[in-house]
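First comes the structure, then the notes that go with it.
The values are calculated or read from the model by the stated rules, or taken from the named source; none is laboratory data. Worth saying up front: this structure is predicted, and the values here are computed from it rather than measured. Don't worry about glycine lacking a Cβ; one is built from the backbone with ideal geometry, like all the others, and counts go over all protein chains shown. Only protein heavy atoms, including side chains, enter the accessible area calculation; ligands, DNA and RNA are left aside. Shrake-Rupley method; radii C 1.70, N 1.55, O 1.52, S 1.80 Å.
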Amino acid sequence: MDTDHAVIIGAGIGGLLTAHVLADTFDTVTVLDRDSLPDTPASRRAVPQDRQAHLLLARGLDAFEAIMPGFRADLEAQGVPFGDDQADVRYYASGRRLPPSASGHTTGAVSRVLLEHLTRQRVAGHPRIRVVSGRTVSGLTASAGGARITGVRTADGTLPASIVVDAGGRGGHSARWLAEHGYPPPPVETVRIGMTYVSRRYRYDPALLDAPLGVIVPSFPGQPYGGAAGREDADRIVLGLQAMLDADLPTDQEGLLTIAGRLPDPALAGILRHAEPVGEPSRMRFPESVRRRYERARRFPAGYLVIGDALCSFNPIYAQGMTVAALEALLLRELMHAGPTGDLARRFFRGAARLIDVPWSVATGGDLRFPEVDGIRTPATRLAGAYLGRYQRAAHTDPVLSAAFLRVANLIDPPARLFAPALLLRVARAG
Ligand SMILES: Cc1cc2nc3c(=O)[nH]c(=O)nc-3n(C[C@H](O)[C@H](O)[C@H](O)COP(=O)(O)OP(=O)(O)OC[C@H]3O[C@@H](n4cnc5c(N)ncnc54)[C@H](O)[C@@H]3O)c2cc1C
């Protein structure tokens with residue numbers, strides 16, 4: 001492959017991190033975004049999730065730092081608070097508090113808009129990367145016979161590239177664009193969760209949020225509502241309430257208080273009642289998790305990759321998307337540095353599939369515990385779901401089980417760790 005020009009579709013978190021990585025090996029990298037990109041940490045029209053509460057897992061922060069050394073210092077300079085992603089967060093599971101434990105891993109309580117803004121600033125300062133705002137990609141160009149993608153089409157004409165990366169988010173245009181060149185769509189897995197999010201910001205007040213980084217109260221079978229409240233940037237609290245299974249989630253104060261009142265941690269209702277709001281509540285629907293299995297596609301062209309939400313978009317309550325996008329970008333860097341890239345797409349999609357398997361099984365494993373959620377339940381997944389229920393009940397009084405559970409939820413350890421003989425024994429004893 002000649003290494004002159006890479007084009008990335010989308011300047012979200014996935015696209016910007018990919019630009020960084022590709023700038024190591026390509027002479028120029030162009031990132032095209034249909035949105036008008038702000039110069040400040042501001043919400044964008046095309047990224048509605050940036051109004052919603054976001055948590056960056058410690059593993060994600062490490063990956064951001066590996067791609068952009070000094071990034072953590074950038075966050076610190078903005079006053080972003082840091083802490084242990086377990087010890088400094090009050091966690092609940094199945095409606096009861098988990099004993100606190102330290103993971104030894106640090107994360108920063110940063111908003112999605114500030115994170116993207118700082119990443120965009122790094123890209124803007126890079127001599128080989130060009131970010132073009134307000135430019136929509138409408139299709140791909142290909143070599144005669146279509147074996148290789150050779151660039152993108154926009155309203156301004158075509159832009160040639162030696163590699164094109166779709167980082168265009170969960171809308172997933174790639175299947176349609178590739179079909180125009182004769183490629184069948186990839187197998188797609190979906191898990192319908194009928195999720196609604198409502199988030200609102202408040203001025204930070206330590207008397208109202210008494211956990212150093214925040215409180216997380218996930219929904220569980222029998223309780224479709226969940227919520228979280230966390231520090232955000234220098235001086236905010238972000239409060240997020242969630243409803244699964246198409247349960248009603250209003251945005252008015254009284255309705256939000258009713259939902260928060262059903263949750264076991266009093267901080268959520270306390271913030272709603274007494275904290276000083278900054279802006280209005282914002283609501284977003286997220287009907288389903290989607291995994292596009294390009295690693296199983298029968299045919300795939302050279303010179304084209306798909307990354308971030310465009311490849312896999314997870315139930316947001318598990319807070320995995322940005323971390324997975326960053327890990328995929330690191331995988332791409334590893335493959336680019338490893339030498340000849342003739343087989344890049346196949347190797348990238350296989351590696352990404354291995355990487356996605358863990359967060360996907362954490363998220364879908366949790367979702368399929370809800371009997372209302374449609375999905376394939378094998379005897380093994382049923383057994384794992386039942387075990388997870390027992391495990392969580394035992395973890396409420398067993399700090400060892402709690403610590404191991406949170407390490408899996410934070411993508412530090414693989415889910416298989418919960419089945420280690422010593423932990424099976426503790427669950428059995430508690431049962
Ligand atoms: C409600 C909600 C809460 C979430 N909470 C968390 C969380 O707590 N932690 C976490 O890690 N993740 C969370 N996520 C997921 C996270 O937001 C995404 O995984 C992350 O933003 C990575 O997305 P991306 O860069 O792949 O796509 P996006 O951020 O969606 O960016 C895609 C970009 O592509 C551009 N684009 C699209 N089509 C075109 C086109 N044709 N031409 C040019 N440009 C185009 C768009 O304008 C956009 O800028 C949450 C998601 C949701 C919906």
task = Could you identify the single residue in Gly270, Gly339, Gly261 that is away from the ligand (no atom under 16 Å from the Cβ) and on the phi > 0 side of the Ramachandran plot?
result = Gly339
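Conditions tested, residue by residue: (1) over 21 Å from Tyr202 (Cα atoms); (2) under 25 Å from the mean Cα position of the chain (by Cα); (3) not aliphatic (A, V, I, L, M); (4) not assigned by TED's automatic domain parsing to the domain that holds Ala147.
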{"site": "Glu254", "(1), (2), (3), (4)": "no, no, yes, yes"}
{"site": "Leu257", "(1), (2), (3), (4)": "no, no, no, yes"}
{"site": "Val278", "(1), (2), (3), (4)": "no, yes, no, yes"}
{"site": "Thr323", "(1), (2), (3), (4)": "yes, yes, yes, no"}
{"site": "Glu328", "(1), (2), (3), (4)": "yes, yes, yes, no"}
message = If a residue counts only when it is basic (Lys, Arg), which strands (runs of 3 or more DSSP E) contained entirely in segment 78-134 have at least 1 such residues?
response = 89-93, 129-132
note = Looking across segment 85-113 at residues that are surrounded by fewer than 21 Cβ atoms within 10 Å (Cβ to Cβ) and under 19 Å from the mean Cα position of the chain (by Cα), the single one that is modelled with the lowest pLDDT is His105
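Here's the yes/no breakdown for (1) away from the ligand (no atom under 16 Å from the Cβ); (2) touching a strand residue (DSSP E or B) at 6+ places or on another chain (Cβ under 9 Å); (3) hydroxyl-bearing (Ser, Thr, Tyr):
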position	(1), (2), (3)
Phe82	yes, yes, no
Asp85	no, yes, no
Arg90	yes, yes, no
Ala93	yes, yes, no
Arg97	yes, yes, no
Ala102	yes, yes, no
His105	no, yes, no
Arg112	no, no, no
His117	no, no, no
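Looking only at residues in segment 143-169 that are touching a residue at least 60 places away in the same chain (Cβ under 8 Å) and over 20 Å from Leu22 (Cβ atoms), which one is most open to solvent (accessible area, probe 1.4 Å)?
Per the stated criteria, the residue is Ala147.
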ask   = Within segment 385-407, can you find the residues that are surrounded by fewer than 18 Cβ atoms within 10 Å (Cβ to Cβ) and in a helix (DSSP H, G or I)?
value = Ala386, Tyr387, Gly389, Arg390, Arg393, Pro399, Val400
request  = Can you work out which of the residues in segment 13-41 that are within 13 Å of the ligand (Cβ to nearest atom) and assigned to a loop (DSSP other than H, G, I, E, B) is nearest to Leu335 (Cα to Cα)?
outcome  = Asp33
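Within segment 282-308, which residues are within 16 Å of the ligand (Cβ to nearest atom) and surrounded by fewer than 20 Cβ atoms within 10 Å (Cβ to Cβ)?
Ser282, Arg283, Met284, Arg285, Pro287, Glu288, Val290
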remark   = Of the residues in segment 211-223, those that are under 21 Å from the mean Cα position of the chain (by Cα) and of a type outside the set (A, V, I, L, M) come to Gly214, Pro218, Ser219, Phe220
note = Reported set for segment 12-34 where residues are out of contact with any strand residue (DSSP E or B) (no Cβ under 6 Å at 6 or more places or on another chain) and not hydrophobic (A, V, I, L, M, F, W, C) is Gly12, Gly14, His20, Asp24, Thr25, Asp27, Asp33, Arg34
message = Given the criteria over 30 Å from Thr341 (Cβ atoms), of a type outside the set (Gly, Ala, Ser) and either within 10 Å of the ligand (Cβ to nearest atom) or open to solvent by 10 Å² or more (accessible area, probe 1.4 Å) (or both), does Arg45 qualify?
response = yes
